[in-house]
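Some notes on the structure that comes next.
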Amino acid sequence: MTSQQAADDVSPPLVSNPTSSSHQDHIISNSTTPSILLPLEVNCSVVLLSVTDPSKIVAKGYLNSMNPTKIVGGEELGKNWCSVHIIVGVECDERLIRSSFMLQTIGEANGAVVAWPCNLVCSMCLLLNFYNLL
């Protein structure tokens with residue numbers, strides 16, 4: 001990776017706004033604990049959450065990029081999307097939100113890079129720390 005590509009993949013910090021979601025901050029909450037912000041960093045270990053049930057983990061992998069101009073599956077990521085290298089599918093029948101070439105499900109995407117909405121991507125280390133506090 002060139003230094004220019006590395007610079008392109010790191011977005012500047014954004015001011016958190018509770019009424020909107022940014023591609024840098026993620027709000028995780030449940031009924032018994034207050035909301036907390038979980039920042040994402042390129043190359044960190046992440047989990048992908050289901051679009052139909054955001055409390056359900058559908059895959060584990062590594063954050064590849066948060067650059068909205070990065071091409072994944074033949075199209076630009078766009079605002080509030082990131083690319084994730086899926087290492088292992090947890091819910092293999094879960095449909096990809098954006099199909100990527102011939103890939104339609106999480107199970108088919110094992111080992112591939114896919115686009116996923118940033119608000120459904122959580123840092124695995126911070127997520128584990130959050131649940132250890134409960």
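The values are calculated or read from the model by the stated rules, or taken from the named source; none is laboratory data. Quick caveat: nothing in here was measured; it's all calculated off a predicted structure. Virtual Cβ from ideal backbone geometry, glycine too; neighbours counted across all protein chains shown. For the accessible areas, the whole protein counts, side chains as well, though only heavy atoms, and no ligand, DNA or RNA atoms are used. Shrake-Rupley method; radii C 1.70, N 1.55, O 1.52, S 1.80 Å.
Remarks
- Contact map, region 49-62: residues that are farther than 17 Å from E108 by Cα paired with residues that are of a type in the set (K, R) and surrounded by 12 or more Cβ atoms within 10 Å (Cβ to Cβ), Cβ distance under 9 Å, separation 6+ or inter-chain. Pairs shown: V51/R95.
- Residues considered: L77, L14, L40. Of these, the only one that is over 11 Å from the mean Cα position of the chain (by Cα) and at pLDDT below 90 is L14.
- Odd one out for G61 among (1) at pLDDT below 95; (2) part of a strand (DSSP E or B); (3) open to solvent by less than 20 Å² (accessible area, probe 1.4 Å): (1)
- Filter result for C92 (outside any strand (DSSP E or B), touching a helix residue (DSSP H, G or I) at 6+ places or on another chain (Cβ under 9 Å) and free of Cβ contacts under 8 Å to residues at least 60 places away in the same chain): yes
- Within region 95-118, considering residues that are assigned to a strand (DSSP E or B) and polar (S, T, N, Q), the one least open to solvent (accessible area, probe 1.4 Å): S100
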